[in-house]
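Here's the structure, in structure tokens; my notes come after.
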Amino acid sequence: MAMYSNNRLQIGLFGANCSSGRAVTMVPERWSGSWADNRKLARMADEAGIDFLLPIGRWKGYGGDTDYQGATLETITWASGLLALTRRITVFGTVHAPLFNPVIAAKEMVTADHIGEGRFGLNIVVGWNEGEFEMFGVKQREHEQRYDYAQEWIDVIKMIWSDRQDFEFAGKYLNMKGIRGKPKPWGGTRPVIMNAGASPTGQAFAVRNCDAFFLQASRTSLEETAQRVARAKNAASQHGRALGVYTVGVITCRPTRQEAEEYYHHCIVEHADWSAVDRILAMKNISPETMPMPEFLAQRSGYAQGMGGLPIVGTPDEVADKLIDLSKAGLTGIAISLVNYVDELPFFCDEVLPRLERAGIRERRP
Ligand SMILES: Cc1cc2nc3c(=O)[nH]c(=O)nc-3n(C[C@H](O)[C@H](O)[C@H](O)COP(=O)(O)O)c2cc1C
């Protein structure tokens, strides 16, 4: 399984199940998010040795000129289809705990895991977007309670995946009797579990329950990133657990620095979907009223540039050097996005991956 390979820096693709992926841009070549393109991408990534595919659990688009992320493929069914088409790559489903009954979710995930012979992974999310919850007629809980609920949810799921049978669960939120679920996950293991909570409560949840944790890398200081990684790993080791620590990056890689910078500027400055960016900021309560203007403007361009992911722009040498630095900062892996994944992945794989292999942070490709 790719997520258990010896790659010291694992590389995944983030957001391909959504229209526009993670680039809030109007350029015509922006990502379609269609099944045909996802199928092509997954096969290409699997053959090139990419480690994982991480989708976004999104139910409603953000509007704007492009209805950014307006068309999305549901992630467990998306993962099931892609797992059937691939051989080694790990494929995640991103599951909103408050929206999925845990007994159904446990079985859907086991089904995906059998299709992929052990390659399914769970990204557990509690949700933050009120409008999405309204559409389900589900009331979003207060922030702390979201993770209390998620704790019960993941506890039940892990029990269903274990050898327990016909058990009861009497929690604060979940009250269930005669629970059983067969088959068990593939091969006597369980799917790899990740979470990306940013708050102290969200991070504590990840440390207690997950194998992989995603955090935001500093845009300005590698030292700061290294400290964040070390803090997360230390917190996990205090619980006697090993935690893989990952981050999110947005890559623009071209043969020359000038080409890379020009394309980056073209997509996400000149042709950014600013009306969508402003809607995203409003949902997150980021405005000149809630913070000083320079910080607001930095956040605004940060969201346009890959929704807060770390922008990595340059030649193959420069991109590889940045990834090597992130590995040195202690990161286990990075989930990257590209404006058009299928168009841009071959150049990345042909040029950047060999440099990472030569630097000793990735194995030679299959
Ligand atoms: C890599 C990554 C993937 C995420 N995927 C989703 C997602 O698909 N759906 C979602 O509602 N939230 C997603 N989130 C949001 C987080 O799960 C989390 O809610 C957010 O970072 C805020 O942290 P908090 O819940 O601790 O406040 C993601 C965050 C990251 C960094």
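Since every read-out is calculated from the coordinates, none of them should be taken as a lab result. From a predicted model like this one, the values you see are computed outputs, not experimental measurements. Neighbour counts are summed over all protein chains in view; Cβ atoms, including those assigned to glycine, are modelled from backbone coordinates with ideal geometry.
Below is a table of values for the structure above.
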{"read-out": "Lysines with Cα under 24 Å of residue 322, excluding same-chain neighbours fewer than 8 positions away", "value": "233"}
{"read-out": "Shape call, the stretch 138-215: gyration tensor on alpha carbons, a/c limit 1.5", "value": "oblate"}
{"read-out": "Mean separation of Cα contacts under 8 Å, 6 or more apart, over the residue count of the stretch 30-116: relative contact order %", "value": "32 percent"}
{"read-out": "Cα centroid separation, the stretch 3-36 to the stretch 308-366 (Å)", "value": "14 Å"}
{"read-out": "Tilt relative to the chain, helix 102-115 - C-alpha long axis, 0 to 90 degrees, to 10", "value": "60 degrees"}
{"read-out": "Residue (of 81, 48, 170) at the positive-pole extreme of the chain, dipole from beta-carbon charges", "value": "170"}
{"read-out": "Contact order relative to length of the stretch 173-285, as percent, for alpha carbon pairs under 8 angstrom and 6 or more apart", "value": "17 percent"}
{"read-out": "Convex hull of the stretch 77-120 built on C-alpha atoms - directionally averaged projected area, nm²", "value": "2.7 nm²"}
{"read-out": "Packing-based ranking, highest mean first, of 84-96, 159-171 given that Cβ atoms within 10 Å are counted", "value": "84-96, 159-171"}
{"read-out": "Net charge over other residues, Cβ less than 13 angstrom from the Cβ of residue 313 (K, R count +1; D, E count -1)", "value": "-3"}
{"read-out": "Ordering of 61-73, 351-363, 42-54 by packing [mean C-beta count within 10 Å, highest first]", "value": "42-54, 61-73, 351-363"}
{"read-out": "Positive minus negative residues near residue 79 (Lys, Arg vs Asp, Glu; Cβ under 10 Å)", "value": "-2"}
{"read-out": "Stokes-Einstein D (µm²/s) once Rh is taken as the Kirkwood radius of the stretch 214-311 over alpha-carbon pairs, at 25 °C in 0.890 mPa s", "value": "157 µm²/s"}
{"read-out": "Debye, to nearest 20: dipole size of the chain, +1 on Lys, Arg Cβ, -1 on Asp, Glu Cβ", "value": "1300 debye"}
{"read-out": "Of 216, 3, 353, farthest towards positive along the dipole that unit charges on Lys, Arg, Asp, Glu beta carbons give the chain", "value": "3"}
{"read-out": "Charge dipole (the chain, unit charges on Cβ, about Cα centre) - positive-most of 115, 324, 342", "value": "115"}
{"read-out": "Charge dipole magnitude, Cβ of K and R +1, D and E -1 - the stretch 1-159, Cα centre, debye nearest 20", "value": "460 debye"}
{"read-out": "The chain - percent relative contact order, Cα under 8 Å, separation 6 or more", "value": "22 percent"}
{"read-out": "From phi via Karplus (6.51, -1.76, 1.60), per-residue ³J(HN,Hα) for the stretch 250-258 in Hz, x at Gly/Pro", "value": "10, 10, 10, 10, 9, x, 10, 4, 4"}
{"read-out": "Residues of type lysines that residue 182 reaches as a straight line, Cα spacing below 24 Å, ignoring anything fewer than 8 places off in the same chain", "value": "107, 158"}
{"read-out": "Percent of Cα pairs exceeding the 23 Å cut-off, where the set is the stretch 268-366", "value": "41 percent"}
{"read-out": "Normalised convex hull volume, the chain, alpha-carbon set, Å³ per residue", "value": "134 Å³"}
{"read-out": "Sum of side-chain charges, residue 189 neighbourhood, beta-carbon under 14 Å (Lys, Arg +1; Asp, Glu -1)", "value": "0"}
{"read-out": "Base-10 log of normalised Debye intensity for the stretch 16-83 (one unit scatterer per alpha-carbon) at q = 0.15, 0.22, 0.23 Å⁻¹", "value": "-0.46, -0.92, -0.99"}
{"read-out": "For the stretch 1-76, size of Cβ-based charge dipole, Lys and Arg +1, Asp and Glu -1, in debye", "value": "100 debye"}
{"read-out": "Lysines whose Cα lies under 19 Å from that of residue 60, excluding same-chain neighbours fewer than 8 positions away", "value": "139, 284"}
